[in-house]
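Asks: One structure, pasted below without further comment.
The values are calculated or read from the model by the stated rules, or taken from the named source; none is laboratory data. Every value quoted in this text rests on a predicted model; they were computed, and no experiment measured them. Here the Cβ positions follow ideal geometry from the backbone for every residue, glycine too, while neighbour counts run over all protein chains shown. Heads up: the accessible areas ignore ligands, DNA and RNA and are worked out on the full protein's heavy atoms, side chains in. Shrake-Rupley method; radii C 1.70, N 1.55, O 1.52, S 1.80 Å.
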Amino acid sequence: MMDIMEYYAPTHVYFGKGAENKAGEVLKAEGASKVLVHFGTGSVKKSGLLDRVELAIKEAGISFVELGGAVPNPRVSLVREGIELYKSEGCDFILSVGGGSVLDSAKAIGYGVYGGGDVWEFYCGKRVPEGTAPVGCILTLSATGSEMSDSSVITNDEGEPTYKRGCNNDFGRVRFSLLNPELTYTVSKYQTASGSTDIMMHTLERFFHSGHTLELTDQLSCALLREVIKWTPVALADPENYEARANLMWCGTLSHNGLMATGNSTKGDWACHQIEHELSAEYDVAHGAGLAAIWGSWARYVLDTDRERFVKLGEGVFGESDPVKTIEKFEDFFRSIDMPVDIQGLGLNFDEAACENAALGVTFQNARTIGDFKKLATEDICEIYKMASGLK
Ligand code: NZQ
Ligand code: ZN
């Protein structure tokens, strides 16, 4: 018998050309009177998006205060600044204008404002959020799915080593997401490819799990992967191709809003994400690129756990029934979009000690295992890092 399935997707989504122009109206409907407008390191200023959004907010009779500076792999130090600014300015809403990093930072500010105390405690597992200040977003990059996910990932830059931790909680699902694929036209080739890899991985992580699922979910997963494989090269060759950008954006949203795990008896594997987060925490690499660099090694390491699952994936995505060839086909795709398929490709040189150190970081010094398709302890993760570093 199937366990009880839970699917919760409360975010109000507006998708299509000009969606961002609804900002004023939607914020007004939310009852916002003063908005903390949060953004990154410049792309939304350069594109003129920030000016347009702020004008729309003003025209709706709402005031605002700006907080820029969220960097890729967003830092807790800016989150703390945001919490103070929100309070001192008497804000009552947070609007994220940018990619996943800005949005994750906005979510963290929301937790900190509501919960008080040290916001990092929500990320290191000491406290669970019991609410949030309201957050909405205008998304400019198709990748993380943060626009509908329950997740926020923050890097603690306040000591050595640097930690990157996620907080998964339903309060992290934003009130609204304004999704205009045209806003992603200016995303660089590298970030486009890295984003597409992340989108694929959010479905692959859910596809590989230890229990049963619904056939529909498997079919949806394979369709989503096929679409990302189809449209990413189109977007890379023709960045202003609306069809390509729209398909990628919606794939990104659906890949991480829970839909691709409906009917699954677990939430999925997620080992690759944990193994990658250690890399982006310590070496500040782009998250999607880090995932591409380790997925093939992970796949080869866990293949014998359930080869049939790989057969199903290969047949659904490539019409390929040989599991080893399926892994190679994913890697060929990553190569074709200039994503790395090993750690050297990230510009890093890992020796055995670096592999061991990173593996210990992933398991919090042997305090946990990761993975659901196959449970992985420090030694297993170390092997995967070694395979991805050409040491095996
Ligand atoms: O800072 P700006 O100037 O905006 O530039 C950004 C940044 O340099 C740029 N960019 C964004 N939109 C653009 C643009 N450049 C030109 N035109 C546009 N329209 O792209 C660069 C990367 O942005 P970032 O927000 O860091 O990328 P992404 O959306 O991939 O977010 C990555 C972060 O999200 C986390 C990752 O670990 C990483 O920290 N994740 C969040 C998840 C979630 N909340 O559900 C799930 C993921 O698995 C992931 O872990
Ligand atoms: Zn991801």
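Asks: How far, in degrees from 0 to 90, does helix 287-302 lean away from the longest principal axis of the Cα atoms of the chain, to the nearest 10?
Replies: Approximately 30 degrees, to the nearest ten.
Asks: Heavy atoms only, probe 1.4 angstrom, no DNA, RNA or ligands counted: give me 198, 284, 380 ranked by accessible area, highest first.
Replies: Descending accessible area places them as 284, 380, 198.
Asks: Rounding to the nearest 10 and keeping the result within 0 to 90°, find how far the Cα-based axis of helix 76-88 lies from the longest principal axis of the chain.
Replies: The answer is roughly 20 degrees.
Asks: If you don't mind, another one. Given R₀ = 41 Å, FRET efficiency for residue 51-residue 234 by Cβ-Cβ distance, to 0.05?
Replies: Numbers: r = 30 Å, r/R0 = 0.73.
Step by step, r from the Cβ atoms, then E = 0.85.
Asks: Could you tell me what percent of the DSSP beta bridges with both partners in the chain are antiparallel, to the nearest 5? The partial results should precede the final answer.
Replies: Working: 7 of 31 bridges.
Rounded to the nearest five, the antiparallel share is 25 percent.
Asks: If each DSSP helix of 4+ residues adds -39,500 (n - 2.57) and the sum is divided by the residues in the chain, what number results at 222 nm, nearest 500 deg cm²/dmol?
Replies: So the calculated ellipticity at 222 nm is -15000 deg cm²/dmol.
Asks: Here's a follow-up. With a 1.4 Å probe and all protein chains kept in place, how much accessible area does residue 250 have, in Å² rounded to the nearest 10?
Replies: That residue has around 100 Å² of solvent-accessible surface.
Asks: Please work out the average accessible area per residue across the stretch 12-183, using the 1.4 Å probe convention, and give it in Å².
Replies: Result: 38 Å² of accessible area for each residue.
Asks: Right, here's the next one. When 1/r is averaged over all different Cα pairs and the result inverted, which Kirkwood radius in Å belongs to the chain?
Replies: 21.2
Asks: While we're here: Once amide H atoms are built 1.01 Å from N in the peptide plane, which residues 5 or more positions from residue 36, or in another chain, come under 5 Å H to H?
Replies: 65, 92, 93, 94, 95
Asks: Of the cross-linked pairs 45/329; 230/392; 17/87; 87/126; 189/392, which ones have a Cα-Cα span greater than 27 Å in the structure shown?
Replies: Details: 45/329 39 Å; 230/392 32 Å; 17/87 34 Å; 87/126 23 Å; 189/392 31 Å.
Those over the limit are 45/329; 230/392; 17/87; 189/392.
Asks: Under 5 Å between amide hydrogens, which residues at least 5 positions from residue 137 or on another chain qualify, with H placed 1.01 Å from N in the peptide plane?
Replies: 96, 176, 177, 178
Asks: Could you tell me which of the pairs 22/312; 28/107; 22/164; 46/164 are separated by over 31 angstrom between their Cα atoms in the structure shown?
Replies: Beyond 31 Å: 22/312; 22/164.
Asks: Okay, moving on. Among residues other than residue 31 whose Cβ falls under 12 Å from its Cβ, what is the net charge (Lys/Arg +1, Asp/Glu -1)?
Replies: Here the count lands on +1.
Asks: Carbon and sulfur together cover what percent of the accessible area of the chain at a 1.4 Å probe radius?
Replies: Carbon and sulfur: 49 percent of the exposed surface of the chain.
Asks: Now for a separate question. In degrees between 0 and 90, to the nearest 10, how far off the longest principal axis of the chain does helix 307-318 point, with axes built from Cα atoms?
Replies: The angle comes out near 60 degrees.
Asks: Could you work out the relative contact order of the chain, using alpha carbon pairs under 8 angstrom and six or more residues apart, expressed as a whole percent? Before the final figure, lay out the partial values.
Replies: Working: 781 pairs, mean separation 58.6, N = 392.
Relative contact order here is 15 percent.
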